[in-house]
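Comments concern the structure below.
Laboratory data are not the source of any read-out in this text; all were calculated from the coordinates shown. None of the values given here were measured: they were computed from a predicted structure. Using ideal geometry, Cβ is built from the backbone for each residue, glycine included, and neighbour counts are taken over all protein chains shown.
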Ligand code: SF4
């Protein structure tokens, strides 16, 4: 399995920063609305928040609305580059729809192990329609961006499969997206089946049954199946909107836009970090 898929399908704890800032797109399935805000000393405050997170969290994920539109995008990439150099995290990845990335190729190469690009149709026009903007990159522009990248764990394309699609439409979309991934130079494709209220039954679409499952993993918030389809690694991912909804599972450390560190995306369940203290770069758990 490639490194990106290994990290994204394992259950290692992660630190995820939700970058402040808005988005150039308006996807119907988006559940986050945020605009740019002015935060003094953002980089310093983010570094302080990350220093509170136990070092057992080995992955660092950068997300938000459109991360590359955040005024703090460069700051977070610079921090990521430092964390990679001093081995604070084993794996750094960025979620983006790709819109602004051409300007940041050297920062991306220094700061990331992998890039996760949102793209929801192989056809440019249909993709603009899903994002409700033509400011997201075309297939040719993505190919150009990816050709400048030298990320150890490559580029994944993330495609949301909405409930309104029939199985035939999902099948058509899957094969078209695989061809698109090969064209633009992506190393894997993730088909994300949203399960906002609960995970779907562990059933795969029938056309997928002809492709052996290479790996299957499940945790309380996600269920993954890895397949190799037409020569590409394809992950089918059933995921809940809020992984902590149905259990006390520790999904990871989510750094909210106000630097609160929570267990959930909504920012309602703070982590209790008081049982840890910092000694140098190490966090030691204090046994009570
Ligand atoms: S690109 Fe992402 S953040 Fe922007 S509207 Fe679509 S789902 Fe939301």
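With r as the distance between the Cβ atoms of residue 38 and residue 230 and R0 = 45 Å, compute the FRET efficiency 1/(1 + (r/R0)^6) and round to 0.05. That gives a FRET efficiency of 0.45.
When the helices of the chain are scored as -39500 (n - 2.57) per DSSP H run of n ≥ 4 and the total is divided over every residue, the value at 222 nm lands at -7500 deg cm²/dmol. To the nearest 10 degrees, how steep is helix 42-51 against the longest Cα principal axis of the chain, on a 0 to 90 scale? Taking Cα atoms only, the helix is inclined about 80 degrees.
Counted residue by residue at 0.36 nm each, then reduced by the alpha carbon distance between them, the extension gain from residue 132 to residue 269 reaches 46.1 nm.
What number, in percent, do you get for the relative contact order of the chain if the mean sequence gap of Cα pairs under 8 Å and at least 6 apart is divided by its residue count? Taking the mean separation of contacting Cα pairs over the length of the chain, I get 18 percent. Fraction of C-alpha pairs exceeding 25 angstrom in the chain: 46 percent, rounded to a whole number. Distance between the modelled labels on residue 165 and residue 28, one decimal in nanometres: 1.3 nm (7 Å Cα→Cβ projection).
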